[in-house]
1. Which whole-number percentage describes the relative contact order of the chain, with Cα contacts under 8 Å and a sequence gap of 6 or more?
2. Given a Förster distance of 35 angstrom, what is the FRET efficiency for Ser113 paired with Asp185, based on the Cβ-Cβ distance and rounded to 0.05?
3. Hey, with R₀ at 35 Å, roughly what FRET efficiency would Ala77 and Arg133 work out to, going by the Cβ-Cβ distance, to 0.05?
4. Could you give me the ³J(HN,Hα) list for region 142-149, computed from phi with Karplus coefficients 6.51, -1.76, 1.60 and θ = phi - 60°, whole Hz, x at Gly and Pro?
5. Can you check what the net charge comes to around Asp79, using other residues whose Cβ is under 13 Å from the Cβ of Asp79 (Lys, Arg +1; Asp, Glu -1)?
6. Taking region 41-145, which trypsin sites (Lys or Arg not before Pro) meet the DSSP loop condition and have no more than 11 other C-beta atoms within 10 Å?
7. Mind checking region 43-102 for chymotrypsin sites (Phe, Trp or Tyr not before Pro) that DSSP puts in a loop (not H, G, I, E or B) and that have at most 11 other Cβ atoms within 10 Å?
8. At 10 °C and 1.306 mPa s, grab the translational diffusion coefficient of region 26-71 from Stokes-Einstein with a Kirkwood Rh over Cα pairs, rounded to a whole number in µm² per second.
Amino acid sequence: MSAYSDLITRLIKELSKLPGIGTKSAERIVFHLLKEKSDYGRTLGELILQVKQRSFFCRQCHHLTEAEICHICQDPARDASTICVVEDPKDVISFEKTGSYRGLYHVLLGALSPLDGIGPGELKIQDLIRRIRETDVKEVILATNSNTEGETTALYLLRTLKPLGIRVTRIARGLPVGSNIEYADQATLAQALEGRTTLQGSGSPD
Ligand SMILES: [Zn+2]
């Protein structure tokens, strides 16, 4: 039996499903919200609703956006001949924070994981191939995570993109093996990008 009322019990249960939030933290958040005199709880609730209703994946790169095409794809100052392929919109944020990348992105919305039933069809790979075919792309940087799924995805992409005759690079291994891009600091990420290497079998550097 819960010591709380039904509504509070439900809220604690829902909050504790969030990443990094256990039951204890969920309880603390609920008490904080109840004590808060301002409209904070209402603002928070409305914002969550709005973000869920008004955030979409960019039609071109699948990064999060509130418009059909995201602000990065729309920026004429970006180098459209380079595409950095990442697993998740969070990774776009990480690379943007380095301030050193001026190309475009392509978000796969996941990584290959046969054990979890995630094959190439579940990722935005066909969209990437179409983009390369339809636009003047010269280099694709594979910036998937350096764990098993990320490496498997990078290898698959290299094989798939090879016939397209473009340069395919992989970010440097400055990132610890098994680590995720979202946890890398900005300097490490900028170095990994800077030190990227051309993968064998893809188009020549210039
Ligand atoms: Zn976009």
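1. Values: 291 pairs, mean separation 30.2, N = 206.
Relative contact order, the chain: 15 percent.
2. On the way: r = 26 Å, r/R0 = 0.75.
E between Ser113 and Asp185, to the nearest 0.05, is 0.85.
3. Details: r = 24 Å, r/R0 = 0.69.
It comes to 0.90.
4. Listing the rounded values in order: 8, 10, 6, 4, 9, 9, 4, 5 Hz.
5. Numbers: positive: Arg78, Arg102, Lys138; negative: Asp75, Asp136, Glu139.
That works out to 0.
6. Working: sites: Arg42, Lys52, Arg54, Arg59, Arg78, Lys90, Lys97, Arg102, Lys124, Arg130, Arg131, Arg133, Lys138; in loops: Arg59, Arg78, Arg102, Lys124, Lys138.
Sparse-neighbourhood loop trypsin sites (Lys or Arg not before Pro): Arg102.
7. Working: sites: Phe56, Phe57, Phe95, Tyr101; in loops: Tyr101.
Counting only loop positions with at most 11 other Cβ atoms within 10 Å, none of the chymotrypsin sites (Phe, Trp or Tyr not before Pro) in region 43-102 qualifies.
8. On the way: Rh = 12.5 Å.
D = 127 µm²/s.
Values quoted throughout were computed directly from the atomic coordinates according to the rules given, and no laboratory measurement underlies them. Predicted model, so just to flag it, every value in this text is computed and none were measured. Glycine also receives a Cβ, built like all others from the backbone with ideal geometry; neighbour counts cover every protein chain displayed.
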